[in-house]
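Each remark here refers to the structure printed beneath this line.
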Amino acid sequence: MKIYKEHLHHLLFPLRCPFCDKVLPSSVFLAPELMCSVCGRKLEYIREPVCKKCGKPLGDERQECCYDCTHHVRAFAQGKALWIYQGAVKESIYRFKYHGRQEYARCYGREMARVYGEWINRRKIDALVPIPLSKRRLRRRGFNQAELVAREVGRCMGIPVYGRLLRRVRDTRAQKELNEEERKNNLKKAFKTMENKVQLNHILLIDDIYTTGSTMHEAAEELKRRGAGEVFCLSVSIGTGYQEE
């Protein structure tokens, strides 16, 4: 009966590629592809050289860190990301967040586990923590996109997701809308843990977009202030470190 219902659901609501929006061939007897083969070949996965701290792609292999990580302290130990935030990836994340395409989280999360599963295991991650939204944004959007992605990564990796460990206590502006000076103060004390003591040794923060690194830094700093051990971060997409931001 369950297989029949899934088959009927796919007939009525066929899966679509998150990047080109074309209908995907699927089967209830085989694990369906979550992106089309054309987009799979065209997407810009992050490749070396990358920033040793945050994982931004660099233009010079002799460079160790991007501009932001060279000039700012990072509370997280290391960061990684799947794709460069441009073109089809940028458009896909926009539909995901603002057009309610929550099903995209399955593709994003599965790819994160596939590409970075070994890296996650080597760091002995014992908890996934999604970057939280403010109450106002959560009410308006109806879901936290980072938590949906984290849930899929957790399902694939067998790692628990602590979706309520962090709370955003300030409704901050998007970092991309601010200049460098404004970015420094925008996220100060924006997060608070819901526990007095965080007894986790290796935490992986999950978000959809990594831009300046301020969000991940502030979240990691709050977790460590409350007793967490090492904090790492993983994003669906990331900007480049080719130039000053």
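The values are calculated or read from the model by the stated rules, or taken from the named source; none is laboratory data. All values reported here derive from a predicted model rather than from experimental measurement. With ideal geometry, Cβ positions are generated from the backbone for all residues, glycine too; neighbour counts draw on all protein chains shown. Ligands, DNA and RNA are excluded from the accessible area calculation, which covers all protein heavy atoms including side chains. Shrake-Rupley method; radii C 1.70, N 1.55, O 1.52, S 1.80 Å.
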Q.
I need the shape label for region 49-99. Rule: rounded when a/c is under 1.5, else prolate if a/b > b/c, else oblate, with a, b, c from the alpha carbon gyration tensor.
A. prolate
**Q.** Estimated translational D of region 43-130 in µm²/s (Stokes, Kirkwood radius over Cα pairs; 37 °C; 0.692 mPa s)
**A.** 223
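Can you list the chymotrypsin sites (Phe, Trp or Tyr not before Pro) in region 111-145 that are in a DSSP coil and have 15 or fewer other beta carbons within 10 angstrom?
Counting only loop positions with at most 15 other Cβ atoms within 10 Å, the chymotrypsin sites (Phe, Trp or Tyr not before Pro) in region 111-145 are PHE143.
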Q. Roughly how many Å² is the accessible area per residue of region 68-155, as a whole number, for a 1.4 Å probe?
A. 47
Q) What FRET efficiency do you get for ARG164 and THR70 if R0 is 30 Å and r is their Cβ-Cβ distance, rounded to the nearest 0.05? A) 0.30
Q | Exceeding the 31 Å Cα-Cα cut-off - candidates LYS53/LYS197; LYS56/LYS124; LYS22/LYS189; LYS22/LYS192; LYS22/LYS53; LYS22/LYS124 | A | LYS22/LYS189; LYS22/LYS192; LYS22/LYS53; LYS22/LYS124
Q) Sorting THR215, THR193, THR70 by accessible area (1.4 Å probe), largest first, what list results? A) THR70, THR215, THR193
Q | Per-peptide average of other Cβ atoms within 10 Å, ordering 86-96, 217-227, 36-46 highest first | A | 217-227, 86-96, 36-46
Q. Among TRP83, VAL129, TYR108, whose Cα lies farthest out toward the positive end of the dipole of region 71-142, if unit charges sit on the beta carbon of Lys, Arg (+1) and Asp, Glu (-1)?
A. VAL129
